[in-house]
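S.K.: What follows is a structure written as structure tokens; I'll ask about it next.
The values are calculated or read from the model by the stated rules, or taken from the named source; none is laboratory data. Keep in mind that what you see is a predicted model, and the values were worked out from it rather than measured. Positions of Cβ are generated from backbone atoms using ideal geometry, with glycine treated the same way; all protein chains shown enter the neighbour counts.
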Amino acid sequence: MKLLSRLFGATAETPPMASPGEQSAAPVNDEHQRIEAIGQLPDGELLRALAGVALTKDQQERPSPLEERAAQARFAQLVDSGAVNLAGFSVEALAELAVQGSTSRLRQLAAEAVQDP
């Protein structure tokens with residue numbers, strides 16, 4: 001047995017590393033695919049519910065933390081691009097975004113959108 005094999009615990013039974021072509025043929029994690037899909041969502045109820053900006057009545061389960069973070073990042077991207085206007089949000093939703101928004105730009109825009117009565 002070679003010195004490095006002994007140090008790192010590799011044995012004769014250890015399967016060889018997969019080549020890059022074999023790795024791409026392996027099944028892809030469902031959560032990874034959902035996160036990629038979230039990154040392409042347009043503004044709407046689904047994206048807002050996943051981001052935690054708005055709750056829907058028919059929302060069965062809470063998204064995973066990674067999915068929620070991806071949705072928040074996508075929502076922030078849409079706000080930055082001007083595709084989402086924060087003026088239509090309630091004061092409570094704007095306050096939530098101003099405090100817990102995923103980017104400093106989103107927090108700043110939400111804080112600026114809050115208007116004193």
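S.K.: Given the conditions (1) of a type outside the set (G, A, S); (2) out of contact with any helix residue (DSSP H, G or I) (no Cβ under 6 Å at 6 or more places or on another chain); (3) at pLDDT below 85, and given that E36 satisfies all but one, which numbered condition is not satisfied?
M.R.: Result: E36 passes all but (3).
S.K.: While we're looking at this one, here's another question. So G21 clears everything in (1) modelled with pLDDT of 65 or more; (2) assigned to a helix (DSSP H, G or I); (3) exposed (fewer than 10 other Cβ atoms within 10 Å of the Cβ) except one condition, right? Which one?
M.R.: (1)
S.K.: Considering only region 50-89, how many residues are modelled with pLDDT under 85, assigned to a helix (DSSP H, G or I) and farther than 17 Å from R105 by Cβ?
M.R.: Going through region 50-89 one residue at a time, the tally reaches 1.
S.K.: Here is a follow-up. Yes or no: region 70-81 includes at least one residue that is over 22 Å from R34 (Cβ atoms) and over 19 Å from the mean Cα position of the chain (by Cα).
M.R.: no
Rundown of residues vs (1) surrounded by fewer than 17 Cβ atoms within 10 Å (Cβ to Cβ); (2) among the hydroxyl-bearing types (S, T, Y), yes/no style:
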| site | (1), (2) |
| --- | --- |
| R62 | yes, no |
| A70 | no, no |
| R74 | no, no |
| A87 | yes, no |
| E96 | yes, no |
| S104 | yes, yes |
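S.K.: Is it fair to say L109 is surrounded by 13 or more Cβ atoms within 10 Å (Cβ to Cβ), farther than 22 Å from R34 by Cβ and modelled with pLDDT of 85 or more?
M.R.: It is true that L109 is surrounded by 13 or more Cβ atoms within 10 Å (Cβ to Cβ), farther than 22 Å from R34 by Cβ and modelled with pLDDT of 85 or more.
S.K.: Sticking with this structure for a sec: What is the residue count in region 93-117 for residues that are touching a Lys or Arg at 6+ places or on another chain (Cβ under 6 Å) and assigned to a helix (DSSP H, G or I)?
M.R.: The number of residues fulfilling the criteria is 1.
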